[in-house]
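The values are calculated or read from the model by the stated rules, or taken from the named source; none is laboratory data. As the structure is a prediction and not an experimental result, all values here were calculated from the model. Note that we place each Cβ from the backbone using ideal geometry, even for glycine, and neighbour counts take in every protein chain shown. For the accessible areas, the whole protein counts, side chains as well, though only heavy atoms, and no ligand, DNA or RNA atoms are used. Shrake-Rupley method; radii C 1.70, N 1.55, O 1.52, S 1.80 Å.
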Amino acid sequence: MRVAVISDIHGNLSALEAVLAAVDDEAPDELWCLGDLVGYGPRPNECCETVEARAAVCLGGNHDLAVRGTIELSEFSGDAAAAAAWTRGVLAPTARAYLDSLEPEGERAGVPLFHGSARDPVWEYVLSDEAAAVTLELAGAPLVLVGHSHVALQVFLQDGVLAGGLAPAGSELELAEGDALLNPGSVGQPRDGDPRAAYLLLDLETRRASFRRVEYDIERTQAEIREQGLPDLLATRLSTGQ
């Protein structure tokens, strides 16, 4: 089975549309989403509707849980809190119902899926060797997928040795030996220095992974953020992927 994996859309409809257009050209069997459909961005309802229609499985991220009320907004600060509060105010009942159905961890085709990590699916960022090693150990599977950090990652564990790191655009991986932890990066708000929307292609039969990036209309999203009165940093950072 061939799968496209996306994560951390954050209400950025322009980026989501660009990724899905690229995914359609690849014609995978399924689309998986690792959470955070909303928060930060100006088009939460459309992103929820689109993912609900397209994804075979979708997780709920920390922003999704905050917007639906499972997490208190006091758990957030600054721009994240302001955007979550705004999103609560504009969220349509259908989008709210979809977010209510999502959980921060799951499994599909034998692959454990976490928004954050196996140790803490809601909040923990897998950005250290220790966090990656613990998630691989707890998941107990040869392939594990995580989101949340907005950073595309490729981490491998073979014979007790951990290796890997950032996964630049165009990285093509053979997952034939050992265990692997992959993060597709962020669709709507990348933070690994590449502002293009990120996604991951997996072939579960041949155990190959391909990290992809796609250009999208950043200026459109920036204008929409400003039109809605959201914090300006949420717009400016899109240009740099930071």
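Things to note:
- Unit Cα scatterers, Debye sum, the range 50-118: log10 I(q)/I(0) for q = 0.27, 0.28 Å⁻¹: -1.23, -1.27
- Against the empirical curve 2.2 N^0.38 Å, the C-alpha radius of gyration of the range 134-198 lands at a ratio of 1.13.
- Cα-based Rg and Dmax for the chain, where Dmax is the largest Cα-Cα distance (Å): 16.6, 53
- Using only Cα coordinates, the Kirkwood hydrodynamic radius of the range 7-141 works out to 15.3 Å.
- The chain, helix-only ellipticity at 222 nm - DSSP H runs n ≥ 4, -39,500 (n - 2.57), divided by all residues, nearest 500: -9500 deg cm²/dmol
- Local net charge near THR240, Cβ-Cβ under 12 Å (Lys/Arg +1, Asp/Glu -1): +1
- Computed from phi, the 3J(HN,Hα) profile of the range 92-104 under the Karplus parametrisation 6.51, -1.76, 1.60 (θ = phi - 60°) reads 6, x, 5, 5, 4, 4, 5, 4, 4, 8, 9, 10, x Hz, with x in place of Gly and Pro.
- Heavy-atom accessible surface of the range 1-123, averaged per residue, reaches 36 Å², computed with a 1.4 Å probe.
- Per-atom-type breakdown for the range 1-120 gives carbon and sulfur 44% of the accessible area (1.4 Å probe, protein chains only).
- At the listed q of 0.14, 0.17 Å⁻¹, the Debye profile of the range 153-242, built from one uniform point per Cα, gives log10 I(q)/I(0) equal to -0.58, -0.74.
- For the range 90-137, a Kirkwood hydrodynamic radius built from all Cα pairs, placed in the Stokes-Einstein relation at 10 °C and 1.306 mPa s, yields a translational diffusion coefficient of 130 µm²/s.
- Listed residue (LEU91, ALA180, VAL3) projecting farthest to the positive dipole end of the chain, Cβ model: LEU91
- Rg over Rh for the range 68-163 works out to 1.05, using Cα positions for both radii and the Kirkwood form for Rh.
- The GluC sites (Glu not before Pro) of the range 140-242 that DSSP puts in a loop, and whose beta carbon has at most 12 other beta carbons within 10 Å, are GLU177, GLU205, GLU215.
- Divide the volume of the convex hull around the Cα atoms of the range 1-57 by the residue count and you get 61 Å³ per residue.
- Cys residues of the chain that find no other Cys beta carbon under 4.7 Å: CYS47, CYS48.
- Mean projected area (nm²) of the alpha-carbon convex hull when the range 199-242 is viewed from all directions: 4.1 nm²
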